[in-house]
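Engineer: Here it is, the structure, as structure tokens.
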Ligand SMILES: [Ca+2]
Ligand SMILES: [Ca+2]
Ligand SMILES: [Ca+2]
């Protein structure tokens with residue numbers, strides 16, 4: 001194998017790093033970090049029907065703007081791990097490297113736990129800074145893309161392909177169109193899935209974070225898209241995208257632009273937008289685009305079922321923490337229909353749900369917090385409901401709900417009202433049943 005031959009030559013001439021391998025031309029087989037670093041001295045080709053696997057910890061240093069091509073029906077896998085990712089970087093960050101280019105490759109293409117930085121591609125073939133794929137299938141997960149540059153799709157450019165980008169961090173990339181990810185397709189129904197990513201500080205003319213053109217099927221969910229900029233579509237831009245376009249549970253916040261700083265939908269892009277926060281940036285519609293927006297928090301308001309227009313209360317936007325604070329209006333105000341949040345509660349709006357744990361330590365009926373349930377609690381409750389006494393001193397946050405007086409609920413209806421007084425009185429008179437806690441919020445030990 002060519003790589004092995006090269007390695008021997010390098011060892012003989014006494015390279016500065018004894019295990020360094022110079023690689024160029026046809027490459028295949030399995031690379032491991034034992035041979036680090038991989039010094040890329042020319043374009044790389046994974047030939048037709050062959051396989052290249054780049055294992056955890058491999059470090060590829062491109063000596064010029066060289067590309068890694070994966071030829072027709074070849075297989076290519078980058079298998080980094082959480083503790084030992086694979087690095088693709090150039091020696092010269094201005095000229096960069098030429099990116100990975102998948103050309104009608106095999107369906108088992110995976111890029112996992114990799115850092116891809118300073119990918120550079122300019123016209124006439126300026127598509128895809130770090131990754132370009134055409135008529136291929138690609139799964140990207142747990143990757144970081146930064147400082148990539150191209151005319152279109154600085155991190156990933158996908159053409160007529162089945163692309164999945166999951167749980168990745170895509171930031172500080174620059175392109176003319178689609179600085180984060182750009183997907184282009186006409187006549188292909190292959191779905192594109194962009195899920196659970198952080199997409200920030202990308203700059204473009206159109207589609208700062210994510211840009212799609214001519215796609216029939218997109219699932220864009222649980223992404224945080226913030227501080228991106230584009231003249232049109234600072235966060236997200238879709239052109240000619242229809243009919244299966246789902247924008248679900250995203251936080252699209254603080255992006256900049258002149259038309260659609262948050263979202264720009266153009267040319268009949270009828271997206272279905274649910275459980276999404278679009279805050280401190282706007283939505284701009286053009287040329288017959290008519291999205292259905294529901295159960296979303298839209299800055300400036302939007303007509304649609306369950307929509308709100310209230311400050312979302314993120315934990316720390318200055319430091320990029322777009323989780324919801326306790327008391328956020330986005331908690332449990334998403335679509336009431338399944339699927340629910342992982343804690344079993346009604347869906348929240350935004351990329352991160354607020355996990356609700358039942359931490360309610362109380363004695364059923366003990367509203368005055370003296371560690372037992374007796375007539376004094378009835379007296380206390382009556383005064384409270386008559387507005388002549390204070391509220392119960394202890395409230396807790398239960399699954400399925402906001403802060404409430406769970407200890408006052410003795411009839412198991414998950415509320416505290418006059419019926420609990422009636423129920424308690426009957427119980428103490430010996431004519432009613434025992435107190436029953438709210439089944440969603442039983443007292444914990
Ligand atoms: Ca919830
Ligand atoms: Ca009591
Ligand atoms: Ca009750």
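The values are calculated or read from the model by the stated rules, or taken from the named source; none is laboratory data. Everything numeric here is computed off the predicted structure, so don't read it as measured data. Please note: Cβ atoms are built from the backbone with ideal geometry, for glycine as well, and neighbour counts cover all protein chains shown.
Engineer: Regarding the stretch 81-97, can at least one residue be identified that is surrounded by fewer than 18 Cβ atoms within 10 Å (Cβ to Cβ), over 23 Å from the mean Cα position of the chain (by Cα), over 23 Å from residue 21 (Cβ atoms) and without any contact (Cβ under 8 Å) to a residue 60 or more places away in the chain?
Structural biologist: Yes; the residues of the stretch 81-97 include at least one that is surrounded by fewer than 18 Cβ atoms within 10 Å (Cβ to Cβ), over 23 Å from the mean Cα position of the chain (by Cα), over 23 Å from residue 21 (Cβ atoms) and without any contact (Cβ under 8 Å) to a residue 60 or more places away in the chain.
Engineer: Of all residues in the stretch 252-275, which are surrounded by fewer than 24 Cβ atoms within 10 Å (Cβ to Cβ), more than 20 Å from the chain's Cα centre (by Cα) and assigned to a loop (DSSP other than H, G, I, E, B)?
Structural biologist: Matches in the stretch 252-275: 258, 267, 268, 270.
Engineer: For the stretch 286-333, give me the residue count where each residue is within 23 Å of residue 237 (Cα to Cα) and assigned to a loop (DSSP other than H, G, I, E, B).
Structural biologist: Looking only at the stretch 286-333, we keep the residues that are within 23 Å of residue 237 (Cα to Cα), and these are 286-304, 307-309, 312, 317, 320, 322.
Narrowing further to those that are assigned to a loop (DSSP other than H, G, I, E, B): 287-291, 295-296, 299-304, 307, 309, 312, 320.
Going through the stretch 286-333 one residue at a time, the tally reaches 17.
Engineer: Still on this structure, I have one more. Among the candidates 176, 186, single out the residue that is surrounded by fewer than 17 Cβ atoms within 10 Å (Cβ to Cβ) and over 17 Å from the mean Cα position of the chain (by Cα).
Structural biologist: The unique qualifying residue is 186.
Engineer: In the stretch 347-391, what residues are without any contact (Cβ under 8 Å) to a residue 60 or more places away in the chain, within 13 Å of ligand 2 (Cβ to nearest atom) and in contact with a helix residue (DSSP H, G or I) (Cβ under 8 Å, 6 or more places away or on another chain)?
Structural biologist: Passing the criteria: 366, 367, 368, 369, 370, 374, 375, 377, 378, 381.
Engineer: Continuing with this model, one more query. Is there a residue in the stretch 399-419 that is more than 10 Å from ligand 3 (Cβ to nearest atom), farther than 30 Å from residue 334 by Cβ and buried (at least 17 other Cβ atoms within 10 Å of the Cβ)?
Structural biologist: For the stretch 399-419, residues more than 10 Å from ligand 3 (Cβ to nearest atom), farther than 30 Å from residue 334 by Cβ and buried (at least 17 other Cβ atoms within 10 Å of the Cβ): absent.
Engineer: For residue 365, state whether it is part of a loop (DSSP other than H, G, I, E, B), modelled with pLDDT of 95 or more and buried (at least 21 other Cβ atoms within 10 Å of the Cβ). Let's see the steps before the verdict.
Structural biologist: Numbers: part of a loop (DSSP other than H, G, I, E, B): yes; modelled with pLDDT of 95 or more: yes; buried (at least 21 other Cβ atoms within 10 Å of the Cβ): yes.
Considered against the rule, which asks whether it is part of a loop (DSSP other than H, G, I, E, B), modelled with pLDDT of 95 or more and buried (at least 21 other Cβ atoms within 10 Å of the Cβ), residue 365 comes out as yes.
Engineer: Checking residue 275 against (1) on the phi > 0 side of the Ramachandran plot; (2) touching a helix residue (DSSP H, G or I) at 6+ places or on another chain (Cβ under 9 Å), which single condition isn't satisfied?
Structural biologist: All conditions pass for residue 275, except number (2).
Engineer: So, one more: Kindly indicate the residue of the stretch 401-428 that is within 16 Å of ligand 1 (Cβ to nearest atom) and either within 13 Å of residue 365 (Cβ to Cβ) or out of contact with any strand residue (DSSP E or B) (no Cβ under 9 Å at 6 or more places or on another chain) (or both) and also modelled with the lowest pLDDT among those meeting that condition. I'd like the intermediate steps shown before the answer.
Structural biologist: Just the residues of the stretch 401-428 that are within 16 Å of ligand 1 (Cβ to nearest atom), to begin with: 401-404, 414.
Narrowing further to those that are either within 13 Å of residue 365 (Cβ to Cβ) or out of contact with any strand residue (DSSP E or B) (no Cβ under 9 Å at 6 or more places or on another chain) (or both): 401-402.
Details: 401: 56, 402: 66.
Among residues in the stretch 401-428 that are within 16 Å of ligand 1 (Cβ to nearest atom) and either within 13 Å of residue 365 (Cβ to Cβ) or out of contact with any strand residue (DSSP E or B) (no Cβ under 9 Å at 6 or more places or on another chain) (or both), the one modelled with the lowest pLDDT is 401.
Engineer: Separate question: Out of the residues in the stretch 424-445 meeting the condition of being out of contact with any helix residue (DSSP H, G or I) (no Cβ under 8 Å at 6 or more places or on another chain), assigned to a loop (DSSP other than H, G, I, E, B) and in contact (Cβ under 8 Å) with a residue 12 or more places away in the chain, tell me which one is surrounded by the fewest Cβ atoms within 10 Å (Cβ to Cβ).
Structural biologist: Across the stretch 424-445, the extreme among qualifying residues is 445.
Engineer: Still on this structure, please answer the following. Could you tell me which numbered condition residue 145 fails, if it satisfies all but one of (1) in a strand (DSSP E or B); (2) free of Cβ contacts under 8 Å to residues at least 12 places away in the same chain?
Structural biologist: The one condition residue 145 does not meet is (2).
Engineer: How many residues, within the stretch 341-361, are more than 7 Å from ligand 1 (Cβ to nearest atom), modelled with pLDDT of 85 or more and surrounded by fewer than 23 Cβ atoms within 10 Å (Cβ to Cβ)?
Structural biologist: Total meeting the criteria: 4.
Engineer: Within the stretch 309-324, can one find any residue that is within 21 Å of residue 155 (Cβ to Cβ), surrounded by 15 or more Cβ atoms within 10 Å (Cβ to Cβ), in contact with a strand residue (DSSP E or B) (Cβ under 6 Å, 6 or more places away or on another chain) and in contact (Cβ under 8 Å) with a residue 12 or more places away in the chain?
Structural biologist: Within the stretch 309-324, one or more residues are within 21 Å of residue 155 (Cβ to Cβ), surrounded by 15 or more Cβ atoms within 10 Å (Cβ to Cβ), in contact with a strand residue (DSSP E or B) (Cβ under 6 Å, 6 or more places away or on another chain) and in contact (Cβ under 8 Å) with a residue 12 or more places away in the chain.
Engineer: Of (1) at pLDDT 95 or above; (2) under 19 Å from residue 129 (Cα atoms), residue 185 satisfies all except one. Which?
Structural biologist: Here residue 185 clears every test but (1).
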